[in-house]
Amino acid sequence: MTAPVEETLFALLAAKDAGKSVSPEEVARAADPEGWRRALPKVRAIAVGLARQGKLVILRHGKPADPNGLKGVYRLRLPLPDEAVATPAVPDDADD
């Protein structure tokens with residue numbers, strides 16, 4: 001079910017104007033109309049993974065949120081062209 005959720009997410013975002021967002025419920029309902037409530041955890045997991053890759057922005061209170069500590073209500077949107085998506089820093093001693 002990962003591929004349909006991801007495809008649905010990007011299809012919904014592509015239909016929106018730049019900078020507009022979708023709710024996880026919208027994605028879940030579009031991907032699985034009958035079992036959308038069961039799909040919500042999958043939407044969250046996919047959104048977190050895509051945000052970590054820089055392909056998606058997770059918003060809380062209208063501002064980009066860290067996907068690593070995501071809690072509560074959130075929305076999803078595509079990164080804006082002038083927006084640098086933060087990726088987790090690798091410690092300097094990672095080579096050791």
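Results for (1) modelled with pLDDT under 95; (2) closer than 16 Å to S21 by Cβ; (3) in a loop (DSSP other than H, G, I, E, B); (4) β-branched (V, I, T), shown as yes or no for each residue.
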site: R38; (1), (2), (3), (4): no, no, no, no
site: V43; (1), (2), (3), (4): no, yes, no, yes
site: I46; (1), (2), (3), (4): no, yes, no, yes
site: I58; (1), (2), (3), (4): no, yes, no, yes
site: N68; (1), (2), (3), (4): yes, no, no, no
site: L76; (1), (2), (3), (4): no, yes, no, no
site: L80; (1), (2), (3), (4): yes, yes, yes, no
site: A89; (1), (2), (3), (4): yes, no, yes, no
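The number of residues in the stretch 13-36 being outside any loop (DSSP other than H, G, I, E, B), over 12 Å from the mean Cα position of the chain (by Cα) and of a type outside the set (D, E) comes to 6.
Of the numbered criteria (1) surrounded by 14 or more Cβ atoms within 10 Å (Cβ to Cβ); (2) more than 9 Å from the chain's Cα centre (by Cα), the one L76 fails is (2).
The values are calculated or read from the model by the stated rules, or taken from the named source; none is laboratory data. Just so it is clear, the model here is predicted, and its values are computed rather than measured. Cβ coordinates were reconstructed from backbone atoms using ideal geometry, including for glycine residues, and neighbour counts include every protein chain displayed.
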